[in-house]
Amino acid sequence: MGNWGEHRCRWWLHEENRILGDHMSGEQPKRVDAYLVAGGRFHDIDFARLELLKLLSEHPHVRVTVGSDYEDITAITACSLLISYTIDVRPSEEAQLAIRDWVSDGGRFLALHGTNSAIDFNPPNPVGSPRCFPIWAELLGSQFISHPPIAPFPVTMSNPDHWLVKGIEPFETDDELYLSEYHDRDSLEPLMHTEWSGDTPGFEDADWNDCDPVHLIMYLKSHGKGKILYNNLGHARGHWDMTEAVEYYPKIERGSWEVPQYYELLRRGIRWGLGEEG
């Protein structure tokens, strides 16, 4: 914790000096338009939306439009940054193609948690993950398939020298451990990972005993002139987010939102989305 605290202190001093330097030199940042998509099922979308807007507000020159799906193609493609926190929000084919082309033309897409998920929830049947949006999954580089019961697991830096994770020590988080199918895994630049194998009861694809035990938590993917930064941490659930199954969910779950390192990763992800390269 000492090294982490020292790193945070140095980072804040750097930010203060940078901001003061810009002010003294008379340089003002240009307005940046961003689009935040926050929507879906089984999660506390209101909580995640608010936390992300707080982080974006640290950059006064960023103007944010908020939506609950990906269908406002005109507004999304007019922005330079797209941020998503969605669970089982399935873009139309038109939206998938438009966002793919937008990234290819230079857009930056910060994708969080269940952006790559499609979920069929029909109790008492097991939860399915239909392969229903191949364009989307290929663009993102992965599709969520399953996760084991929520429990603490370790997160390791895959490339500790990359500025998006540099100085962040390995940490433990009580989150959903995403098990995904990867599209051209060799094209992904891993930044964080965990290792796990076993069973995921309640899902159609429940046997992960013989899988590659290394599961990506955060990675970069290039597409044309643009890039995607995917971080699949960020589970959040409140009392009234599982009403499709139970009227009142007894436990409030905040997952990685209770881990200081997660907020640092989000801050760096937003800076990356605004064009910073470390």
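Bear in mind that the values in this text are calculations on the coordinates, not laboratory data. If you're wondering where the values come from, they're calculated on a predicted model, not measured in any experiment. Virtual Cβ from ideal backbone geometry, glycine too; neighbours counted across all protein chains shown.
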- [ ] Give a residue-ordered list of calculated ³J(HN,Hα) values for the stretch 236-246 (Karplus: 6.51 cos²θ - 1.76 cosθ + 1.60, θ = phi - 60°; whole Hz; x for Gly, Pro).
- [x] 8, 8, x, 5, 10, 9, 10, 5, 5, 10, 9
Open item on the list: If you take every residue apart from Gly273 with its C-beta less than 12 Å away from the C-beta of Gly273, what net charge results, scoring Lys and Arg +1 and Asp and Glu -1?
Closed with: +2
- [ ] Please state the charge dipole magnitude for the stretch 153-238, taken about the Cα centre, from unit charges on C-beta atoms (+1 on K and R, -1 on D and E), reported in debye and rounded to the nearest 20.
- [x] 680
TODO: Under 1.5 on a/c is rounded, so check that first for the stretch 28-69, then, if it is not, pick prolate when a/b is larger than b/c and oblate when it is not; a ≥ b ≥ c are the square roots of the alpha carbon gyration tensor eigenvalues.
DONE: oblate
Open item on the list: Out of all DSSP beta bridges in the chain, what portion is antiparallel? Express it as a percent rounded to 5.
Closed with: 55
Task: With Cα atoms, 0 to 90° folded angle of helix 93-104 axis to the chain main axis - done: 40
Open item on the list: For the chain, take the longest principal axis of its alpha carbons; what is the angle in degrees between that and the long axis of helix 260-273, to the nearest 10 within 0 to 90?
Closed with: 70
Task: Residue-wise HN-Hα coupling along the stretch 210-217, computed from phi with Karplus coefficients 6.51, -1.76, 1.60 (Hz; x: Gly, Pro) - done: 10, 7, 4, x, 8, 10, 6, 9
Open item on the list: Given the -39500 (n - 2.57) contribution per DSSP H run of 4+ residues, what per-residue ellipticity at 222 nm results for the chain, rounded to the nearest 500 deg cm²/dmol?
Closed with: -8500 deg cm²/dmol
- [ ] Mind pulling the angle between the C-alpha long axis of helix 2-25 and the longest principal axis of the chain? Nearest 10 degrees, somewhere in 0 to 90.
- [x] 50
- [ ] Taking the Cα centre of the chain as origin, work out the dipole magnitude from +1 charges on Lys and Arg Cβ and -1 charges on Asp and Glu Cβ, in debye rounded to 20.
- [x] 1040
TODO: Once you've got the GNM for the chain with C-alpha springs shorter than 10 Å, pick whichever of Tyr230, Tyr249, Tyr219 has the biggest mean-square fluctuation.
DONE: Tyr249
Open item on the list: Which trypsin sites (Lys or Arg not before Pro) in the stretch 166-237 sit in a loop by DSSP (not H, G, I, E or B) and have at most 15 other Cβ atoms within 10 Å of their own Cβ?
Closed with: Lys166, Lys225
Open item on the list: Distance cut-off 30 Å, Cα to Cα: go down the list Lys221/Lys251; Lys30/Lys166; Lys30/Lys221 and report the pairs above it.
Closed with: Lys221/Lys251
TODO: Just rank Ile83, Ile45, fewest to most, by other beta-carbon atoms within 10 angstrom.
DONE: Ile45, Ile83
Open item on the list: Between Leu53 and Asp184, what's the calculated FRET efficiency when r is the beta-carbon distance and R0 is 30 Å? Round to 0.05.
Closed with: 0.35
